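Student: Questions regarding the structure given below will be posed in turn.
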Amino acid sequence: MATEPQTLQEAIVHFSNPDNCLNYIVARRWKNGVVCPTCGSKDVGFVASRRVWQCKTRHPKSQFTVKVGTVMEDSPIGLDKWLTVMWMVANCKNGVSSWEIHRSLGVTQKTAWFLLHRVRLAMQGQNAGKLGGGSGQVEVDETYIGGKARNMHKDRKARVLQGKGGGSVGKVGVQGSLERGGEVRLNVIRDSQYGTLVPNIRQNVAAGTHLFTDEASAYFDIGPEYAHDVINHAEAYAVGQIHTNGLENFWSLLKRNLSGTYVCVEPFHLFRYLDEQAFRYNNRKDMTDGDRFSALVSQIAGKRLTYQELTGKTGQEAEETRF
Ligand SMILES: [Zn+2]
């Protein structure tokens, strides 16, 4: 077996061979042998000439490719392009735009946009346990992203305004919990009330953890299950270890990517960009580009996103759009 790629250039060469693509994905998707995605049977035969498997149990869809049951299902785009896009998104710190994919891989921009959203779905968190616990220290903070409605196209503006129900036009709140030296968890929030912010903390952070927040009132009554220190940003950015600077840095990277690489992110799609950013952040330590790519490919199964789900487009319009 050829050595696994460690750079983008090696990846492109390696995955120009269809068998290398297949072997790489199979080794991560089916660590204990190929399983029929429809019935779960391990009694399957490989048809090498067509690179498909045949399930020995009789049922519809008894023949399947490696794409079935993954974010790649029903996509006519080749594995070589899929894997190259995954490499780029996993490893480009500032993200990759659909226009860059369009130019680099020779697919249409629309196809590239749909590809990217499915890669982001693959990046979605695996709920790898709560932050903190033990001596862990977790910063919690919110930020607001978006959205100058007056610069938007008319149709888009209508959708955005509809989605937000007026108020802070097109601005979307994001709450983050970041363990110092560890991982981040992100939630899109509809407001900054206690009932919105505190349940997210309970979901993301282990009880007993030392929390650091700003003086937002929602956090005053967080309760006895956390140790809690507050930095008053009107007075100082940090008092000793009391600060939220880790998250502030994360927010500035996020915003730089959103305004630089992704020129127009609609609020409706924001959580997908958050998944992407969190994936790269949470897979940053002691990992090579090859490791990060491998981690992403290991997460492609059991997830699907159709064009219709992504856009709300139905019928003829969706039919006419082939990717
Ligand atoms: Zn089967």
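Student: I'd like to check something: does segment 86-94 contain any residue that is free of Cβ contacts under 8 Å to residues at least 24 places away in the same chain, open to solvent by 60 Å² or more (accessible area, probe 1.4 Å) and either within 16 Å of the ligand (Cβ to nearest atom) or part of a loop (DSSP other than H, G, I, E, B) (or both)? I'd like the intermediate steps shown before the answer.
Tutor: Just the residues of segment 86-94 that are free of Cβ contacts under 8 Å to residues at least 24 places away in the same chain, to begin with: 92.
Next, only the ones that are open to solvent by 60 Å² or more (accessible area, probe 1.4 Å) stay: none.
No, the conditions are met nowhere in segment 86-94.
Student: Looking at 197, 186, 211, 178 in this structure, which one is open to solvent by less than 40 Å² (accessible area, probe 1.4 Å), assigned to a strand (DSSP E or B) and over 11 Å from residue 131 (Cα atoms)?
Tutor: Working: 197 fails: assigned to a strand (DSSP E or B); 211 fails: over 11 Å from residue 131 (Cα atoms); 178 fails: over 11 Å from residue 131 (Cα atoms).
Going through 197, 186, 211, 178 in turn, the sole match is 186.
Student: Among the residues of segment 58-85, write down those that are open to solvent by less than 10 Å² (accessible area, probe 1.4 Å), β-branched (Val, Ile, Thr) and not in a helix (DSSP H, G or I).
Tutor: 66, 70, 71
Student: Hey, can you tell me all the residues within segment 1-41 that are within 18 Å of residue 289 (Cα to Cα) and modelled with pLDDT under 95?
Tutor: 2, 3, 4
Student: Turning to a different aspect of this structure: Has segment 59-68 got any residue that is closer than 24 Å to residue 91 by Cβ and either at pLDDT below 95 or touching an Asp or Glu at 6+ places or on another chain (Cβ under 6 Å) (or both)?
Tutor: Taking segment 59-68 as the starting set, the residues that turn out to be closer than 24 Å to residue 91 by Cβ are 66-67.
Going one step further and asking which of them are either at pLDDT below 95 or touching an Asp or Glu at 6+ places or on another chain (Cβ under 6 Å) (or both), we end up with 67.
Yes, segment 59-68 has at least one match.
Student: All but one of (1) modelled with pLDDT of 90 or more; (2) more than 27 Å from residue 134 (Cβ to Cβ) hold for residue 162; which doesn't?
Tutor: Residue 162 satisfies all of (1) modelled with pLDDT of 90 or more; (2) more than 27 Å from residue 134 (Cβ to Cβ) except (1).
Student: Scan segment 103-113 residue by residue and report those that are more than 18 Å from the chain's Cα centre (by Cα) and open to solvent by 60 Å² or more (accessible area, probe 1.4 Å).
Tutor: Result: 103, 104, 106, 108, 110.
Student: Right, next: If I filter segment 240-256 for residues that are within 17 Å of the chain's Cα centre (by Cα) and of a type in the set (S, T, N, Q), do I get at least one hit?
Tutor: For segment 240-256, residues within 17 Å of the chain's Cα centre (by Cα) and of a type in the set (S, T, N, Q): absent.
Student: Of all residues in segment 26-57, count the ones that are within 16 Å of the ligand (Cβ to nearest atom), open to solvent by 70 Å² or more (accessible area, probe 1.4 Å) and either not in a loop (DSSP other than H, G, I, E, B) or not polar (S, T, N, Q) (or both).
Tutor: Residues in segment 26-57 being within 16 Å of the ligand (Cβ to nearest atom), open to solvent by 70 Å² or more (accessible area, probe 1.4 Å) and either not in a loop (DSSP other than H, G, I, E, B) or not polar (S, T, N, Q) (or both): 4 in total.
Student: Does residue 28 satisfy the criteria of being within 30 Å of residue 116 (Cβ to Cβ) and out of contact with any Gly (no Cβ under 6 Å at 6 or more places or on another chain)?
Tutor: Criteria met by residue 28.
Student: A further question follows. Of everything in segment 214-236, what is hydroxyl-bearing (Ser, Thr, Tyr) and surrounded by 12 or more Cβ atoms within 10 Å (Cβ to Cβ)? Give them in sequence order.
Tutor: 219, 226
Student: Write out, first by first residue and then by second, each pair whose Cβ atoms fall under 6 Å of each other, whose residues are 6+ apart or on separate chains, and whose first residue, in segment 228-250, is in a loop (DSSP other than H, G, I, E, B) while the second is open to solvent by 50 Å² or more (accessible area, probe 1.4 Å) and not polar (S, T, N, Q).
Tutor: Note: pairs meeting the criteria are 232/215.
Student: Among the residues of segment 95-123, what is the count of those that are more than 19 Å from residue 9 (Cα to Cα) and not in a loop (DSSP other than H, G, I, E, B)?
Tutor: Residues flagged as more than 19 Å from residue 9 (Cα to Cα) and not in a loop (DSSP other than H, G, I, E, B) within segment 95-123 amount to 17.
Student: Additional query: Among all residue pairs at least 6 apart or on different chains, which show Cβ distances below 6 Å where the first residue, located in segment 60-83, is touching a residue at least 24 places away in the same chain (Cβ under 8 Å) and the second is among the small types (Gly, Ala, Ser)?
Tutor: Correct list of pairs: 69/301; 70/301; 71/122; 80/16.
Student: If you don't mind, there's one more thing I want to ask. Looking only at segment 261-293, how many residues end up being assigned to a helix (DSSP H, G or I), of a type in the set (S, T, N, Q) and open to solvent by 30 Å² or more (accessible area, probe 1.4 Å)?
Tutor: Here the count works out to 1.
The values are calculated or read from the model by the stated rules, or taken from the named source; none is laboratory data. Because the structure is predicted, anything quoted here is derived from the model rather than measured. When we count neighbours, we look across all protein chains shown, and the Cβ atoms used for this are built from the backbone with ideal geometry, even at glycine. Calculation scope for accessible area: heavy atoms of the full protein, side chains included, ligands and nucleic acids excluded. Shrake-Rupley method; radii C 1.70, N 1.55, O 1.52, S 1.80 Å.
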